[in-house]
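What follows is one structure encoded as C-alpha cells, with my remarks underneath.
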Amino acid sequence: RILLTQVFDQYRENIKGIAMTVQDITREVELNEAKSQFISNVSHELRTPLFNIKSFIETLYEYGEDLSEEERREFLHTANNETDRLTRLVNDVLDLSRLESSKTYKLEAVELARPIEQTLRTYQLNAKDKGIELTQEIESELPSVLGHYDLLLQVFANLVGNSLKFTAEGGRVTIRAYTIESENSVREEVQKVRVEVSDTGTGIDPEDQQAIFERFFRVENRVHTLEGTGLGLSIVRNIVEKHHSRVHLISEVSLGSTFWFDLEVYKDDDLLAQAGIP
Ligand code: ADP
C-alpha cells in the first residue's frame with residue numbers, strides 16, 4: 001500500500017484513477033506445498049519396498065545357487081511381504097487421492113448395523129487369532145444416518161484394523177453406535193448418531209495424538225508398524241469430513257484409545273435437499 005501511495009503521489013497529475021486487484025494466494029501456495037510434500041513422501045515410501053524387492057530378486061538371480069533352500073525360501077518370503085506392502089501403499093494412496101479430488105459424495109440413508117456387522121465378519125478371525133474380543137454395541141432401533149456405505153465401511157475397517165494391531169492378547173475392541181442430542185449450527189437441538197471404535201490397546205502419547213492423522217505419520221518404536229502405511233487415519237479423517245463431521249480421539253497410554261465421530265440422522269427430505277429441491 002505504501003508503494004502504491006508513492007506511485008500515486010508521483011503521477012497524481014496524470015492519473016485519473018486506479019483499479020487494483022489483490023488476490024490472497026496464501027492458501028493456494030500452502031496447498032501446492034502440501035501436494036509436493038505428499039508426492040515426495042509417496043515416492044520415498046514406494047521406493048523402500050521396491051528397493052527391497054529388487055535386492056532380494058537380484059541376489060536370488062545372481063547367487064541363488066550358492067544359497068541354501070532355506071535361505072532361498074526366506075528371501076522369497078521377504079520379497080513377497082514387501083510386494084504386499086507395496087500393494088497396500090498403492091491402494092491407500094489411490095484411495096486418498098480419489099477422496100481428495102472429488103469434493104462431494106452422494107450421501108444416502110445408511111443403516112449402520114450393516115457396515116458394522118460386515119466389519120466384524122471380516123475381522124473376527126484375525127481378532128480370534130490374536131486372542132482379542134471384538135464386539136459391537138448398537139443401540140436398538142438406531143435411526144439410519146446420512147452417509148456413504150462404502151466409505152463408512154472403510155472407516156470401520158481402518159479403525160478396527162488399527163485397534164487390532166495395537167491391542168495385546170486378552171484385550172477388547174468394541175464398535176459402538178448410539179444416538180445423542182446435539183446442537184446444530186443454528187443452535188437447535190438435533191439428534192445425531194455417535195460412532196465409536198475403542199480398544200484396550202497401547203494408547204497414544206498426547207504429543208502424537210494430533211500428528212497420527214497426518215499422512216505417513218507412524219508412532220516410532222512400535223511393533224507391527226511395518227504392517228501399516230501411515231495413511232489409514234488420513235483416509236478416515238477425510239471420509240468423516242465428507243460426512244460434514246470431525247474425528248475425535250480420546251487416548252491414554254497403556255489403557256487404550258477411542259476414536260469417535262458424529263453422523264447426521266437421515267431424514268426423508270435429505271435426498272431432495274441434495275438434488276437442490278427445497
Ligand atoms: P498405519 O497404517 O501405520 O496404521 P494410520 O494412519 O492408520 O497408519 O495410523 C498412524 C499411526 O497412529 C499408527 O502407526 C500408530 O502409531 C497410531 N495408531 C493408530 N491407531 C491406533 C490405535 N488404535 N492404538 C494405538 N496407536 C494407534
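Here are the numbers:
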item	result
Sole residue being surrounded by 10 or more Cβ atoms within 10 Å (Cβ to Cβ), within 27 Å of the chain's Cα centre (by Cα) and under 30 Å from Phe216 (Cα atoms), chosen from Ser55, Ser40	Ser40
Residue count for the range 63-84, restricted to those that are of a type outside the set (S, T, N, Q), in contact (Cβ under 8 Å) with a residue 24 or more places away in the chain and over 20 Å from Val42 (Cβ atoms)	1
When residues of the range 159-194 are limited to those that are within 15 Å of the ligand (Cβ to nearest atom) and under 14 Å from Glu139 (Cα atoms), the one surrounded by the most Cβ atoms within 10 Å (Cβ to Cβ)	Ile175
Residue match in the range 217-229 (condition: more than 7 Å from the ligand (Cβ to nearest atom), surrounded by 18 or more Cβ atoms within 10 Å (Cβ to Cβ), at pLDDT below 95 and not polar (S, T, N, Q))	no
Every residue from the range 60-89 that is within 15 Å of the ligand (Cβ to nearest atom) and exposed (fewer than 15 other Cβ atoms within 10 Å of the Cβ)	Asp84, Thr87
Residue match in the range 144-157 (condition: farther than 18 Å from Glu252 by Cα, surrounded by fewer than 16 Cβ atoms within 10 Å (Cβ to Cβ) and either touching a helix residue (DSSP H, G or I) at 6+ places or on another chain (Cβ under 9 Å) or not hydrophobic (A, V, I, L, M, F, W, C) (or both))	yes
Residue match in the range 95-109 (condition: touching a Ser or Thr at 6+ places or on another chain (Cβ under 7 Å) and either outside any helix (DSSP H, G or I) or exposed (fewer than 15 other Cβ atoms within 10 Å of the Cβ) (or both))	yes
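Residue-by-condition table, conditions (1) over 26 Å from the mean Cα position of the chain (by Cα); (2) touching a residue at least 60 places away in the same chain (Cβ under 8 Å):
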{"residue": "Glu33", "(1), (2)": "no, no"}
{"residue": "Tyr61", "(1), (2)": "yes, no"}
{"residue": "Leu86", "(1), (2)": "no, no"}
{"residue": "Leu99", "(1), (2)": "no, yes"}
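Conditions (1) more than 9 Å from the ligand (Cβ to nearest atom); (2) at pLDDT 95 or above; (3) among the hydrophobic types (A, V, I, L, M, F, W, C), marked per residue:
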site: Glu207; (1), (2), (3): yes, no, no
site: Ile235; (1), (2), (3): no, no, yes
site: Ser251; (1), (2), (3): no, yes, no
site: Tyr266; (1), (2), (3): yes, yes, no
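The values are calculated or read from the model by the stated rules, or taken from the named source; none is laboratory data. Everything numeric in this text was worked out from a predicted model, so none of it was measured. Backbone-built Cβ (ideal geometry, glycine too); neighbour counts: all protein chains shown.
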